[in-house]
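Comments concern the structure below.
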Amino acid sequence: MTTRRGFLSGLAAAGLAAQPMFRESAIKSLFRANAIAGHRPATSLADDESYWAEIQRAFDSDRTMINLNNGGCSPTRGDDP
């Protein structure tokens, strides 16, 4: 039987193993967004354009395509045709 501690340790290891799948610039954008957010509540971040601009930079999506089915789509990759 798996313990909670074992489960969380495995989850953390899986997250570290998946990190190379992300572009380095995406991870940097998320760190910059985190620095902008600080300890402010979500309600104050909702209108912060600089925060959302950093979040937007972390994604590779095509700005000309409108995706109406976001629920089942995997993250985009920069090397897809």
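The values are calculated or read from the model by the stated rules, or taken from the named source; none is laboratory data. Keep in mind that what you see is a predicted model, and the values were worked out from it rather than measured. Surface accessibility is based on the protein's heavy atoms, side chains included, excluding ligands, DNA and RNA. Shrake-Rupley method; radii C 1.70, N 1.55, O 1.52, S 1.80 Å.
Taking 0.36 nm per residue of sequence separation and subtracting the Cα-Cα distance, how much length would be gained by fully extending the chain between residue 25 and residue 48, in nm to one decimal? List each step's numbers first, then the result.
Numbers: separation 23, 0.36 × 23 = 8.28 nm, distance 2.09 nm.
Between residue 25 and residue 48, full extension yields an extra 6.2 nm.
Using a 1.4 Å probe and counting only protein heavy atoms, arrange 30, 68, 45 so the residue with the most accessible area comes first. Intermediate values should be presented prior to the final figure.
Details: 30 80, 68 160, 45 20 Å².
Descending order: 68, 30, 45.
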